[in-house]
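The values are calculated or read from the model by the stated rules, or taken from the named source; none is laboratory data. Keep in mind that this is a model prediction, so the values were computed, not measured. Cβ coordinates were reconstructed from backbone atoms using ideal geometry, including for glycine residues, and neighbour counts include every protein chain displayed.
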Amino acid sequence: MNNAYLERAKEKITDPQILAVVAAKRAKQLATGNRPMIKCDSKNYLDIALLEIAEGLLTYEFGTPGEEDALSAVEAAEPAAAESAPEA
């Protein structure tokens, strides 16, 4: 991990726990095929995520309480509905 990128990212997201979560989630997105929003000399996904945060290209927001639970319930219900549907 590039310490210079980390220090710059800390200026944008001052809470270390939030910074860690945001950077990790973005690094995971990059690892699964998402394109970087910025040119970076490093091939390390975490470095790219930290640089995106440092440049102000990546931010975060908190959802309302229970929002994820509602989404999970919808996703869980969809496969069950597809299994019980009659085949044509």
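Give just the number: which of (1) more than 17 Å from Ile13 (Cα to Cα); (2) in a loop (DSSP other than H, G, I, E, B) does Thr59 not satisfy?
(1)
Return the residue satisfying two criteria in turn: it lies in region 1-49 and is part of a helix (DSSP H, G or I) and β-branched (Val, Ile, Thr), and of such residues it is surrounded by the most Cβ atoms within 10 Å (Cβ to Cβ).
Ile48
Is region 48-63 home to any residue that is of a type in the set (Ser, Thr, Tyr), farther than 16 Å from Leu19 by Cα and modelled with pLDDT under 90?
Within region 48-63 (the criterion being of a type in the set (Ser, Thr, Tyr), farther than 16 Å from Leu19 by Cα and modelled with pLDDT under 90), the answer is no, since none of the residues qualifies.
Considering only region 1-37, state which residues are in contact with a Leu (Cβ under 6 Å, 6 or more places away or on another chain) and aliphatic (A, V, I, L, M).
The answer is Met1, Leu6, Ala9, Ile13, Ala23, Ala27, Met37.
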